[in-house]
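Every number here is computed from the coordinates shown, using simple stated rules; none is lab data. This structure is a prediction, so every number in the text was calculated from the model and none was measured. A quick note on method: Cβ atoms are made from the backbone with ideal geometry, for glycine too, and the neighbour counts reach across all protein chains shown.
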Amino acid sequence: MAPPQPLGPSVSFPQPSAPGTSASAPDTSEYAAIVRDRLSRVAERIAEATGRSGRPSGSVRVVAVAKGHPPAAIEAALGAGVADIGENRVEELETKASLFRDRGVRWHMIGHVQSRKATRAFALGGLIHSVDSLRLAGKLSRIAEAAGRKVRILVQANLSGEATKGGFGAEAALDGIGAVSALPGLRVEGLMTMAPFTSDEGAVRAVFGRAREIAAAASAALGTGPLELSMGMSNDYVAAVEEGSTMVRLGTALLGRRPG
Ligand SMILES: *Cc1c(COP(=O)(O)O)cnc(C)c1O
């Protein structure tokens, strides 16, 4: 297929007037317009990509990554029917979760969770995509057991080997999923990964394909149903969906540039 086209901005944003000054964020109605424009484009591209990979068009969940955006962005996402909201910092998720209580938001923690913040991450009650070590998994499991409920998680795999990325390495991922799945407080729903930082589409696809293979092997080994595959961001979600993603994590493609 043709390489994914970059999504050009479909709206203009106030830009910082000088380095060091911050751009003012869009307001609620501006965000509503941004999300409306962008979501239809995203949905179309996902539908085409699932079509090409022979899957039903409803097989991919869109997680709106609201990090760095104000609450108005979440309001707009909810208004457009996107109730899966992702954040990469525990503090920011807590703040926003307190503003959107009882609004039916499904929260996704997608960033590294420091061990000392595991209790707070657990308390948020969402899906934690970024369980990147056995140590964090063990800690979350103990917290969940003590609270008498399970915590839903994805195991993060670092399949590109980049030192800046967290997660179980390619050789350790399958055993890692097995070990994490044996912990009584966790409900392991799948695998999360990030593409390497490169414009080489072949290398990006190789990582996504490897994630799909590991998830398939894990589901066979554990006797579970098909596992979720959280992969694909604004720059690479079309390739990710073609390679089997079931959850794309979209910030810029859905909400525009982060004003923060
Ligand atoms: C920020 C972030 C995203 C979304 O990034 P975009 O390029 O804006 O789509 C997805 N996943 C993770 C883990 C992130 O930190």
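Look at where the Cα atoms of the range 52-107 and of the range 193-221 average out, and the two centres are 24 Å apart. Amide H contacts of Arg106: Asp84, Ile85, each under 5 Å away and 5 or more positions distant or on a separate chain (H built 1.01 Å from N in the peptide plane; Pro and chain starts excluded). Among the chymotrypsin sites (Phe, Trp or Tyr not before Pro) in the range 183-260, those located in a DSSP loop and surrounded by at most 16 other Cβ atoms within 10 Å of their own Cβ are Phe197.
As a length-normalised measure over Cα pairs under 8 Å and 6 or more apart, the relative contact order of the range 185-249 settles at 34 percent.
Split the chain at each of the trypsin sites (Lys or Arg not before Pro) in a DSSP loop with at most 14 other beta carbon atoms within 10 Å, and the longest piece is 150-260.
Once every DSSP H run of n ≥ 4 in the chain is given -39500 (n - 2.57) and the sum is divided by its residues, what mean residue ellipticity at 222 nm do you get, rounded to the nearest 500 deg cm²/dmol? Write down the numbers at each step before the final one.
Working: 9 runs with 105 residues, N = 260.
Only helices count here, giving -12500 deg cm²/dmol.
Taking all Cα pairs closer than 8 Å and separated by 6 or more residues, the relative contact order of the chain comes to 21 percent. Three principal axis extents of the range 108-256 based on alpha-carbon atoms, in descending order, are 45, 37, 28 Å. Each label was represented as a point 7 Å from its Cα along the Cα-to-Cβ direction; for Lys117 and Ser53 these points are 2.9 nm apart. For Ala195, nonlocal amide neighbours, meaning residues 5 or more places apart or on other chains whose placed amide H falls under 5 Å from its own, are Gly232. Among complete DSSP H helices in the chain, those whose alpha-carbon atoms stretch at least 20 Å along the helix's long axis and whose mean Kyte-Doolittle hydropathy reaches -1.0 are 28-52, 201-222. Backbone phi angles across the range 155-168, fed through the Karplus curve with coefficients 6.51, -1.76 and 1.60 (θ = phi - 60°), yield HN-Hα couplings of 8, 8, 10, 9, 9, 8, x, 5, 5, 6, 9, x, x, 6 Hz in residue order; Gly and Pro are listed as x.
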